[in-house]
Amino acid sequence: MRPSDLDALNRQFAIRDRLFFREGPGGLTIAEIRHSGGEATIALHGGHVLSFRPRHHPPVLWLSREARFETGSAIRGGIPVCWPWFADHPSNNAMPAHGFVRATVWTPSASETLADGSTHLKLATADSEETMKRWPHRFRLEIAVSVSDVLRVALTATNTDRSAFSCTGALHSYFNISTPANVRIKGVAGVAYLDKVDRMRRKVQDGDVFIDKETDRIYLDTNAACTIEDRGMQRRIGIAKTGSRTTVIWNPWVEKSALMKDFGDDEYQTMVCVETANAGPDRVRLAPGESHTLEAVICSEASDPERPPIVFLPATGPGDKSA
Ligand code: TA6
């Protein structure tokens, strides 16, 4: 982005001491968001939350040291926006996995300090001649990011076409962990899931999730919050959600890590994805003019054995229409 464009962006959306835009890696435009309780960065590219760090806590989101910051490809880490389909295209494997909106540049649409004191930025994208070739529907997508000691990310999809469409999608969140052996993921005990590592066999989760091999599971029909308990970092990461019927848990482990160019061979040891989604049979159908909001609410707290675990009471999202 030219300096004059960056100046114009800051004149329109910057908030003194709280929000400003700068040039980031690969020349991408980045929004720096500050709050006394924490800070975050967002790339206009893909409407992509790159980092979130509550004050006095280690970074919550993971970003690969091999991540590529270039138009046309997705950034490995943070919170990629997967839409209008999750994982492979349902009928055309020439299409990019996880849809196309994470590889296009989004535009800031609003910024403000909210009543609760959090710093808030909205970015938007919509259909174009290019997208119509990939997906023949008119749409508007908006991502609303609010930063305090908690990170709220709300993705609102609106059908601006004259006929209904259905879609799947996800906030494909990557989280920092000390090492898999120190981690357990709570929140999906007893939930049915499709196991992508075992020919999509349908299974039921027995207790907490432990990561000790390649793990790629689509938990179905669940609106439950999850917690990543990390003994190594002595902390819990809470991931609550609204407007989402699916939770995906992924770690590529050794072989898959080695196959990804934008993923260090050993980096499977420092991350896990707990994704806020609507995927598989959990599709979202929108009539003309209808909207749906998918929201993730992410926080981190010291896991003091004396303190009760995180209890989430997620507020309903703006115009939330649960799937
Ligand atoms: O959410 C898990 C998953 O669908 C995995 O199967 C793996 O493909 C991962 O997403 C990453 O996909 P990407 O296209 O970002 O490399």
Suppose we filter the stretch 95-106 for residues that are assigned to a strand (DSSP E or B) and under 23 Å from Ile218 (Cα atoms); how many remain? 1
Can you tell me which residues in the stretch 240-261 are open to solvent by less than 10 Å² (accessible area, probe 1.4 Å), within 14 Å of the ligand (Cβ to nearest atom) and in contact (Cβ under 8 Å) with a residue 40 or more places away in the chain? Ser244, Thr246, Thr247, Val248, Ile249, Asn251
Determine whether Asp216 is of a type in the set (Asp, Glu) and touching a strand residue (DSSP E or B) at 6+ places or on another chain (Cβ under 6 Å). yes
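What do you reckon, is Gly190 more than 16 Å from the ligand (Cβ to nearest atom) and free of Cβ contacts under 8 Å to residues at least 24 places away in the same chain? Let's see the steps before the verdict.
Values: more than 16 Å from the ligand (Cβ to nearest atom): yes; free of Cβ contacts under 8 Å to residues at least 24 places away in the same chain: yes.
So Gly190 passes the test.
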For residues that are of a type outside the set (A, V, I, L, M, F, W, C), within 11 Å of the ligand (Cβ to nearest atom) and either touching a Phe, Trp or Tyr at 6+ places or on another chain (Cβ under 6 Å) or not in a loop (DSSP other than H, G, I, E, B) (or both), tally how many sit in the stretch 77-94. 1
Quick test of your reading of the structure: Asp161 fulfils all but one of (1) open to solvent by 40 Å² or more (accessible area, probe 1.4 Å); (2) over 20 Å from Ala240 (Cβ atoms); (3) away from the ligand (no atom under 16 Å from the Cβ); (4) assigned to a loop (DSSP other than H, G, I, E, B). Name the failing condition by number. (1)
Residues of the stretch 107-158 that turn out to be assigned to a strand (DSSP E or B), polar (S, T, N, Q) and farther than 20 Å from Pro288 by Cα, as a count: 6
Taking the stretch 252-278, which residues are over 20 Å from Pro58 (Cα atoms) and hydrophobic (A, V, I, L, M, F, W, C)? Trp253, Val254, Ala258, Leu259, Met260, Phe263, Ala277
Residue list for the stretch 268-281, restricted to those being open to solvent by 10 Å² or more (accessible area, probe 1.4 Å) and either among the aliphatic types (A, V, I, L, M) or within 14 Å of the ligand (Cβ to nearest atom) (or both): Tyr268, Gly280
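To keep it simple, each residue is scored yes or no on (1) more than 16 Å from the ligand (Cβ to nearest atom); (2) modelled with pLDDT of 95 or more.
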site: Leu50; (1), (2): no, yes
site: His56; (1), (2): yes, no
site: Arg102; (1), (2): no, yes
site: Met132; (1), (2): yes, yes
Given the criteria touching a strand residue (DSSP E or B) at 6+ places or on another chain (Cβ under 7 Å), crowded, with 22+ Cβ neighbours inside 10 Å and of a type outside the set (Gly, Ala, Ser), does Pro80 qualify? yes
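Could you check the stretch 47-100 and list, in sequence order, the residues that are small (Gly, Ala, Ser), farther than 23 Å from Pro281 by Cβ and out of contact with any Ser or Thr (no Cβ under 6 Å at 6 or more places or on another chain)? Let's see the steps before the verdict.
First, the residues of the stretch 47-100 that are small (Gly, Ala, Ser): 47, 51, 64, 67, 72-74, 77-78, 87, 91, 94, 97, 99.
Narrowing the set further to residues that are farther than 23 Å from Pro281 by Cβ leaves 47, 51, 64, 67, 72-74, 77-78, 94.
Passing the criteria: Gly47, Ser64, Ala67, Gly72, Ser73, Ala74, Gly78, Ala94.
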Hey, could you check the stretch 178-187 for residues that are open to solvent by 30 Å² or more (accessible area, probe 1.4 Å) and assigned to a strand (DSSP E or B) and say which is nearest to Thr270 (Cα to Cα)? Arg184
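The values are calculated or read from the model by the stated rules, or taken from the named source; none is laboratory data. This one's a predicted model, so the numbers in the text were calculated from it and none came from an experiment. Ideal geometry is used to build each Cβ from the backbone, glycine not excepted, and the neighbour counts take in all protein chains shown. Accessible surface areas use protein heavy atoms only, side chains included; no ligands, DNA or RNA. Shrake-Rupley method; radii C 1.70, N 1.55, O 1.52, S 1.80 Å.
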